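Student: If you scroll down you'll find the structure; I have some questions about it.
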Amino acid sequence: MSNNLGITRQGLDLALSLREKYLASEPPVILDETHRLLMPEHLLNRDIDLQTYEDPLPLAMVASRDPDSPMSIAAVIRMFSSALSTPLVTEVFSMLGETSKHAVVKQCVEAVTESAFNPEVIKKIRYKATKFVVMSRSRYTEALKNNLKFLMTGQIDASVFVSEFFKLSEAGNLRLDIKKRLILGLLTSDKIRPSIKFLFLENLECLPLEIRRDIINEAINSPDKPNLEVIKQELAWLKLELPSNRVN
């Protein structure tokens, strides 16, 4: 339960844990048995019980530290319900406009505080935030598709394509299952040069361990093809390098 400051010990612990995750460039996950990646849609859906994420401190940490603006603005929206619970939480909320790296967060916090938390203003901002998340994801997904077209027509360098793939998929909060399917498709495609596939393998470490393991296992077990032999050998070595307690 929260104390007279409006925070909980569990919330403080989670906020500190999130701080370490962001420093290590690790994404926040849902606190249940699935350990799925926390997404903006989860934060915007008030019917979902996010457990300790409901505490204002973890939400403030996401709003101020998350590198992706859709996640940050969604955390701000989630914090509306507790922002006036105590003077401390109200102060923390008002500071988000200064501590967040995203202009959209600053604009949102200023609009709400200047309106004295007017319900109508909050309702409009909540609606705009939902549209913003959808539009952001759509824009980044379209950029990924365009880059693939440019790669196939020789209009973009392979190293740039791979670097942009990971940057755009992170910035657009691309769902992990979709990202996994895209990478698997690229690794097993007959149209993608081996040199490009090796670049993807070099960047797999930026993915969560479970997703990395799934990609490696599924690619190894894909139908044998002459152009996949070398890639499968490299994948086999990568599998051996995974932590032994996580490998099937």
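Throughout, read-outs are computed from the coordinates displayed, never taken from laboratory work. It should be emphasised that the depicted structure is a prediction, and the values quoted were computed from it without experimental measurement. Methodologically, a virtual Cβ is constructed for each residue, glycine included, from the backbone with ideal geometry; neighbour enumeration extends over all protein chains shown.
Student: Let's see if you can work this out: charge +1 on each Lys and Arg Cβ, -1 on each Asp and Glu Cβ, no other charges. What is the dipole magnitude of the chain about its Cα centre, in debye to the nearest 20? Mind showing how you got there, number by number?
Tutor: On the way: 32 positive and 32 negative charges, 141 e Å.
Its charge dipole is roughly 680 debye.
Student: Pulled fully out, how much extra length does the chain show between ASP177 and LEU240, if you take 0.36 nm times their separation in residues and subtract their Cα-Cα distance?
Tutor: Extra length from ASP177 to LEU240 when fully extended: 20.4 nm.
Student: How large are Rg and Dmax for the stretch 138-246 when calculated on the C-alpha trace, in angstrom?
Tutor: Every Cα atom of the stretch 138-246 included, Rg and Dmax give 13.7, 43 Å.
Student: Also, quick follow-up: With no solvent and one equal point scatterer per Cα, compute the Debye intensity ratio I(q)/I(0) for the stretch 9-134 at 0.13, 0.22 Å⁻¹ and report its log10, rounded to two decimals.
Tutor: Relative scattering, expressed as log10 I(q)/I(0), comes to -0.46, -1.42.
Student: Any idea what angle helix 158-171 forms with the longest principal axis of the chain, computed on alpha-carbon atoms, 0 to 90 degrees, nearest 10?
Tutor: Taking the Cα atoms of the chain, the angle to 158-171 is about 30 degrees.
Student: Can I ask one more? Which distance in nm do the two modelled labels at PHE150 and ASN4 give, with both placed 7 Å along the Cα-to-Cβ direction?
Tutor: It works out to 5.9 nm between the two label points.
Student: What value, in deg cm²/dmol to 500, does the helix sum -39500 (n - 2.57) over DSSP H runs of n ≥ 4 give at 222 nm once divided by the residues of the chain? Mind showing how you got there, number by number?
Tutor: Details: 12 runs with 161 residues, N = 248.
Taken over the chain, the calculation gives -20500 deg cm²/dmol.
Student: In the chain, with Lys and Arg counted as +1 and Asp and Glu as -1 at Cβ, which of these residues, ASN146, LEU38, ALA219, has the Cα nearest the positive end of the dipole, that is, farthest along it?
Tutor: ASN146
Student: Also, I was wondering about something else. Could you list the residues of the stretch 135-177 with an amide nitrogen less than 13 Å from a label point located 7 Å from the Cα of LYS101 in the Cα-to-C-beta direction?
Tutor: 171
Student: What is the spread of the Cα atoms of the chain along each of their three principal axes, largest first, in whole Å?
Tutor: 65, 42, 28
Student: Taking the Cα centre of the stretch 9-134 as the origin, how large is its charge dipole in debye, to the nearest 20, when only Lys and Arg (+1) and Asp and Glu (-1) carry charge on their Cβ atoms? The partial results should precede the final answer.
Tutor: Values: 14 positive and 17 negative charges, 79 e Å.
In total the dipole reaches around 380 debye.
Student: Which one, TYR53, VAL29, LEU182, projects farthest toward the positive side of the charge dipole computed for the chain from Cβ point charges (K/R +1, D/E -1)?
Tutor: LEU182
Student: Between LEU88 and ASP157, what FRET efficiency follows from the Cβ-Cβ distance if R0 is 51 Å, with the result rounded to 0.05?
Tutor: FRET efficiency, LEU88 to ASP157: 0.50.
Student: Where does helix 229-241 land angle-wise versus the long Cα axis of the chain, in degrees 0 to 90, nearest 10?
Tutor: Tilt of helix 229-241: around 50 degrees.
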